[in-house]
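**Q** If you scroll down you'll find the structure; I have some questions about it.
What follows is calculated from the coordinates using simple rules that are stated; it is not laboratory data. Since the structure is predicted, the reported quantities are computational estimates derived from the model, not experimental observations. We place every Cβ from the backbone using ideal geometry, glycine too, and count neighbours over all the protein chains shown.
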Amino acid sequence: MRPDTLPRFILRVFLWIPVCFGAWYASAAWHGTVTGWLASLIVDAFEPGIVKAVERAGIELVFVTRIPVQASAAQTGMLVVEVGPLIYSYGLALFLALALASRTSWHKLALGALALLPFEAWGIAFDFLAQAGIKLGPQVAAQAGFSSAQREAIAFGYQLGSLILPPLAPVAVWAALNLRFLEALVRPPRQPVDE
């Protein structure tokens with residue numbers, strides 16, 4: 001087999017992207033259940049007991065909280081927050097395209113997909129926290145028990161989870177699992193030796 005070149009590798013990545021995004025979208029409901037569960041653990045570590053349950057509504061995740069909301073003078077309910085997990089998990093499709101284009105072994109492929117779960121869960125958890133602690137206003141944040149320092153941490157965690165981790169984590173995980181491939185890809189071709 002001839003050595004890979006960067007243009008051939010990039011072409012293979014672009015050919016794999018539609019297939020990987022299709023598979024990612026088809027498995028989104030199952031994948032969302034796993035990342036939703038992990039996200040609830042992150043939320044519970046940040047503010048214990050705030051989430052009573054995480055349910056699925058199609059692809060969306062629904063966080064059922066202990067935060068009371070007044071529907072009317074006679075009715076009180078619990079705050080329910082919806083989070084779209086696809087925003088935070090598209091990196092899985094990117095990782096798969098990179099891994100398949102670089103002919104990564106199946107066990108590294110599975111290991112990489114598992115390694116991405118905490119990064120995806122981080123984004124989902126901080127989306128929920130941003131809604132409950134910032135976007136829904138100071139009354140909801142006060143009922144949730146968030147201090148001003150926690151609200152600052154939520155803002156930082158949300159930015160990290162929505163802007164930095166989704167595109168960066170899959171590339172970093174792929175690179176960590178494919179160091180030899182990367183070395184071979186960037187190594188200059190051998191020059192023939194004149195005799």
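**Q** Quote the relative contact order of region 1-144 in percent (integer), defining contacts as alpha-carbon pairs under 8 Å separated by 6+ residues. Show your work: numbers first, answer last.
**A** Numbers: 174 pairs, mean separation 39.3, N = 144.
RCO, region 1-144: 27 percent.
**Q** Collect residues whose amide H, placed 1.01 Å from N in the peptide plane, falls under 5 Å from the amide H of Lys52; neighbours closer than 5 in sequence don't count.
**A** Those qualifying (amide H under 5 Å, at least 5 residues apart or on another chain) are Val64, Thr65, Arg66.
**Q** What order do you get for Val51, Val13 when you list them from fewest to most C-beta neighbours inside 10 Å?
**A** Val13, Val51
**Q** Right, next: May I ask for the longest run of the chain untouched by trypsin sites (Lys or Arg not before Pro) that are loop-located per DSSP and have at most 13 neighbouring C-beta atoms (other than their own) within 10 Å?
**A** That gives 1-102 as the longest site-free run.
**Q** Could you give log10 I(q)/I(0) at q = 0.13, 0.17 Å⁻¹ for the chain, computed by the Debye formula over C-alpha point scatterers of equal weight, without solvent?
**A** -0.74, -1.05
**Q** If r is the Cβ-Cβ distance from Leu41 to Leu6 and R0 is 25 Å, what FRET efficiency results, to the nearest 0.05?
**A** Taking R0 as 25 Å, the efficiency between Leu41 and Leu6 is 0.05.
**Q** Mean-square fluctuation check for the chain, GNM, Cα pairs under 10 Å: which of Ala172, Ala184, Ala153 is largest?
**A** In the Gaussian network model the winner is Ala184.
**Q** I would also like to ask the following. Given the DSSP H assignment, sum -39500 (n - 2.57) over each helix run of at least 4 residues in the chain and divide by its residue total; what's the result at 222 nm in deg cm²/dmol, nearest 500?
**A** Working: 9 runs with 120 residues, N = 195.
Calculated from helices alone, the mean residue ellipticity at 222 nm is -19500 deg cm²/dmol.
**Q** Here is a follow-up. Can you give me the Rg/Rh ratio for region 87-195, using Cα atoms for both radii and the Kirkwood formula for Rh? Intermediate values should be presented prior to the final figure.
**A** Numbers: Rg = 20.2 Å, Rh = 16.2 Å.
Dividing the radius of gyration by the Kirkwood radius yields 1.25.
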